[in-house]
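The values are calculated or read from the model by the stated rules, or taken from the named source; none is laboratory data. For clarity, every value in this text was computed on a predicted model and none was experimentally measured. Using ideal geometry, Cβ is built from the backbone for each residue, glycine included, and neighbour counts are taken over all protein chains shown.
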Ligand SMILES: [Zn+2]
Ligand SMILES: [Zn+2]
């Protein structure tokens with residue numbers, strides 16, 4: 001069995017039902033981070049409560065990570081195999097102010113931050129704003 005979607009689900013201990021495979025496929029085909037709304041639009045044949053339950057399950061199992069890009073709607077993106085969403089594995093996100101898309105910059109790690117004594121870091125939300133590679137070409 002070399003279905004990449006089933007493999008990714010199995011890796012996170014998620015039972016590979018047909019609808020979960022369908023949703024994961026849509027997520028992986030989405031080129032940028034997606035919102036719940038975007039998934040509902042892409043998967044208009046799937047029950048909305050099933051989509052939101054599946055997103056929550058995938059998120060709990062670290063198959064996807066969530067991004068608060070400051071636009072008011074939480075975005076999600078599929079994690080790389082083996083990612084445990086630990087601080088040292090987090091990456092920078094980029095929100096394009098023109099096309100409004102949010103990108104995972106997996107090659108850009110978050111700079112190390114030194115906190116004053118007594119502060120315990122639990123999570124980092126590092127979002128850059130600007131023009132994406134496509135929009136910057138149109139702008140010039
Ligand atoms: Zn853009
Ligand atoms: Zn990301």
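Descriptive notes on the structure:
- Residue ID - nearest to the chain's Cα centre (by Cα), chosen from residues in region 83-124 that are in contact (Cβ under 8 Å) with a residue 40 or more places away in the chain and more than 11 Å from ligand 2 (Cβ to nearest atom): 101
- Count - residues of region 64-91 that are within 19 Å of residue 5 (Cβ to Cβ) and either out of contact with any helix residue (DSSP H, G or I) (no Cβ under 7 Å at 6 or more places or on another chain) or within 16 Å of ligand 1 (Cβ to nearest atom) (or both): 5
- Filtered residues of region 1-11 (kept if surrounded by fewer than 17 Cβ atoms within 10 Å (Cβ to Cβ) and either in contact (Cβ under 8 Å) with a residue 12 or more places away in the chain or in a helix (DSSP H, G or I) (or both)): 3, 4, 5, 6, 7, 10, 11
- Residue 41 fulfils the conditions (1) surrounded by fewer than 16 Cβ atoms within 10 Å (Cβ to Cβ); (2) closer than 27 Å to residue 138 by Cβ; (3) touching a strand residue (DSSP E or B) at 6+ places or on another chain (Cβ under 9 Å) except for a single criterion, (3).
- Test result for residue 60, under 27 Å from residue 22 (Cβ atoms), surrounded by fewer than 17 Cβ atoms within 10 Å (Cβ to Cβ) and either away from ligand 2 (no atom under 16 Å from the Cβ) or under 12 Å from the mean Cα position of the chain (by Cα) (or both): yes
- Residue 21 vs. criteria surrounded by 13 or more Cβ atoms within 10 Å (Cβ to Cβ), closer than 22 Å to residue 8 by Cβ, without any contact (Cβ under 8 Å) to a residue 24 or more places away in the chain and away from ligand 2 (no atom under 16 Å from the Cβ): yes
- Across region 116-128, the qualifying residues are those that are exposed (fewer than 10 other Cβ atoms within 10 Å of the Cβ) and at pLDDT below 95, and the one among them that is nearest to residue 68 (Cα to Cα) is 123.
- You will find that of 73, 66, 35, the residue that is touching a strand residue (DSSP E or B) at 6+ places or on another chain (Cβ under 9 Å), without any contact (Cβ under 8 Å) to a residue 24 or more places away in the chain, within 16 Å of ligand 2 (Cβ to nearest atom) and under 30 Å from residue 133 (Cβ atoms) is 66 and no other.
- When residues of region 98-108 are limited to those that are near ligand 1 (Cβ under 9 Å from one of its atoms) and closer than 16 Å to residue 68 by Cβ, the one surrounded by the fewest Cβ atoms within 10 Å (Cβ to Cβ): 100
Results for (1) in contact with a helix residue (DSSP H, G or I) (Cβ under 9 Å, 6 or more places away or on another chain); (2) modelled with pLDDT of 95 or more; (3) within 16 Å of ligand 1 (Cβ to nearest atom), shown as yes or no for each residue.
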residue	(1), (2), (3)
93	no, yes, yes
110	yes, no, no
130	yes, yes, yes
138	no, no, yes
